[in-house]
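What follows is a short report on a single structure.
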Amino acid sequence: MFQLIDSTSIKHIDESIAYFESTYTTIYDNGNIESGPLKIEKCELGKNIDLKFKNFDREVEDFYCFSPNNENLSLFYYPDIAYHMIELHIILKNNTYYKPEKIQSLIVSQNSLIDHINKSNPLSYSYEFHSTPSFSSFQLTKVNYNFQFIKYESDDGFYFKNLKNFIGTSFSDMTFVNSYKDDYDIEKHLKEDNKVNIGDIEFYIE
C-alpha cells in the first residue's frame, strides 16, 4: 500500500495535486531490459487488501495498491540471470501550491514474523509503515525499497523427520539519493506538460 502525504501535516495528498504511475521491469545480466506499465488502483478491503488488516491506523481508501488484474508478476533475483523490480513514479501536477519539498511517500508493506516455537505455523504477518524523504525541486529523488526473502524450514516430526517449508518476506532497508539530471527543470515541465516526475521508488527483493 502506498500514498503521498504532506510532509508537515502527514495527511494524505489528493491525486488532483500529485499521483503515482508504475512500471514493472526485468533487467537481465546480458544487458537486456524489458519494461511495461503496471496497473494501480485505490485500495479496498476484501479486493486488494486482506480483511485481516481491517483494523488499520489510517483510512485504507486513501491508499493505492497494485491491481489484482495485473498478470501474475513476482519480484525475484536470480544471480547471473536477471532480477525484477517495481517502480513507482511520483508525478506532480501543474497549478498547485505544493512544492516537492512538501511531499513524501508513505509505504505500508506486509512483514513476516518468525515464531520458532510454533512448528506447525512459524510465520505470522504484520505490517510496517515507512516514509520516504521529501522530494526536491532541484534534483530527482531515487528511493530503493528492499525486501528480504525468507525460506523457513520446520520439523514437527516426533520420531521421524516431517519437514515443512514456509515462504515469507520482510522489510530489509530503504536507501535514497538525489540524482542530478540536466533536464530536471520543474517549472519548464509543468509549463509544457502540466506535470513533472519528481521521484522514483524502486522495489527489490534481496
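Nothing in this text is a laboratory measurement; each read-out follows from the coordinates by a stated rule. Since the model is a prediction, treat every value here as computed from it, not as a measurement. Backbone-built Cβ (ideal geometry, glycine too); neighbour counts: all protein chains shown.
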- Task: May I ask which of K54/K102; K52/K164; K99/K195; K42/K142 have a Cα-Cα span longer than 22 Å here?
- Result: K54/K102; K52/K164; K42/K142
- Residue by residue through region 46-56, which ³J(HN,Hα) values in whole Hz follow from phi under the Karplus form 6.51 cos²θ - 1.76 cosθ + 1.60 (θ = phi - 60°), with glycine and proline marked x? x, 10, 10, 10, 5, 4, 5, 9, 5, 8, 9
- Item | Dipole in debye (nearest 20) - region 2-205, about Cα centre, beta carbon charges: Lys, Arg +1; Asp, Glu -1 | 400
- Karplus-derived 3J(HN,Hα), 6.51/-1.76/1.60, for each residue of region 136-152, Hz, glycine and proline x: 10, 7, 10, 9, 6, 8, 10, 10, 9, 10, 10, 9, 10, 7, 10, 10, 10
- Query: Fewest first, what order do S154, S67, S120 take by the number of other Cβ atoms within 10 Å?
  - Reply: S120, S67, S154
- Task: Return the long-range amide H neighbours of S136 (sequence gap of 5 or more, or a different chain), with a cut-off of under 5 Å between placed amide H atoms.
- Result: T141
- Computed over the chain, the relative contact order (Cα-Cα under 8 Å, seq sep at least six) in percent reads 23
- Query: Along region 193-206, what does the Karplus equation 6.51 cos²θ - 1.76 cosθ + 1.60 (θ = phi - 60°) give for ³J(HN,Hα), rounded to whole Hz, x for Gly and Pro?
  - Reply: 10, 6, 6, 8, 7, 9, x, 10, 10, 10, 9, 10, 10, 8
- Task: Could you pull out every residue, at least 5 positions away or on a different chain, whose amide H is within less than 5 Å of the one on I13? Hs are placed 1.01 Å off N in the peptide plane, and Pro or chain starts have none.
- Result: L4, I5, D6
- Message: Kirkwood hydrodynamic radius, computed over distinct alpha-carbon pairs, for the chain: how many Å, to one decimal?
- Response: 19.0
